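Report on the structure given below.
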Amino acid sequence: MSDDISDIFDAGVVKFINSKAPNIVPNDFIKEYEVDVEKLAKLLGYQVQFEDLPYSGELHEDTIIVNKKNVPTRQRFTIAHELGHAAEHQSEAKRRGGIGRYGLQERFDEITANKFASELLMPVKLVIRSLLKSADDNGYNSQRLTSGEVAQMETGASSMLNVSTEALKYRVENLGIFRKQSDERIH
Ligand SMILES: [Zn+2]
């Protein structure tokens, strides 16, 4: 993969990576379709520890603690989510100047961290590439897809990206990848 970070990721992710490690290239942490998020976290200066936790994970300064009992796709999402909080804190320090967290702000932070996580683990370019690869592997005509074929492609793509099929479907839906065609062809 010869792309630059900014060829693959959205602006928020690019900004955060560049602020922590400006010389990183996609090859350092992307294997074909899969973002090795644990490796990226380490390249950005974070430690990742797996422990017994009553929840998915947390960020303690430069340490990301992950629930060791969660399935690997969940753990990967947690690491990406905590990196999202780290990115938030970075811009938050300037924006909010130390105003305490409460209710709605906390919800907003969670939504922002989840958005960051899906953009990091499922960048548009890799989602499209893996869907096309999956269509190709199955011998589908990507111009005329049935809903069953789309579901099969989503399953294939999610395993290439090493994310849960649920997360991939949600991302595909949000990006509207099949929306235009779905009117005429899919349903
Ligand atoms: Zn969170």
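List of remarks:
- Equivalent-ellipsoid semi-axes for segment 5-73 (Cα gyration tensor, √(5λ), whole Å, largest first): 24, 14, 10.
- GNM top mover of S91, S164, S134 - the chain, alpha-carbon springs below 10 Å: S91
- Inter-label distance, nm, simple model (7 Å from Cα along the C-beta direction), D4/V25: 1.2
- Ellipticity at 222 nm from helices only: DSSP H runs of n ≥ 4 in the chain, each -39500 (n - 2.57), divided by the residue count, give -18000 deg cm²/dmol.
- Paramagnetic reach from Q90 in segment 12-31 [backbone N under 12 Å; point 7 Å along Cα→Cβ]: 12-24
- Relative contact order [Cα under 8 Å, 6+ residues apart], the chain, whole percent: 19
- When Rg and Dmax are taken over the Cα atoms of the chain, they come to 17.6, 55 Å.
- In segment 5-121, lysine pairs with alpha-carbon atoms under 24 angstrom apart (chain gap of 8 or more, or interchain): 23
- Footprinting exposure proxy for R129, R76, R171 (fewest neighbouring C-beta atoms within 10 Å first): R129, R171, R76
- The length gained on full extension between K133 and E61, counted as 0.36 nm times the residue separation minus their Cα-Cα distance, comes to 22.0 nm.
- Full-extension gain in nm, D109 to Q49, via 0.36 nm per residue minus C-alpha separation: 19.4 nm
Quick note: the coordinates plus some simple rules give every number you see, no bench work behind them. Since the model is a prediction, treat every value here as computed from it, not as a measurement. Every residue, glycine among them, receives a Cβ derived from its backbone with ideal geometry; neighbour counts consider all protein chains shown.
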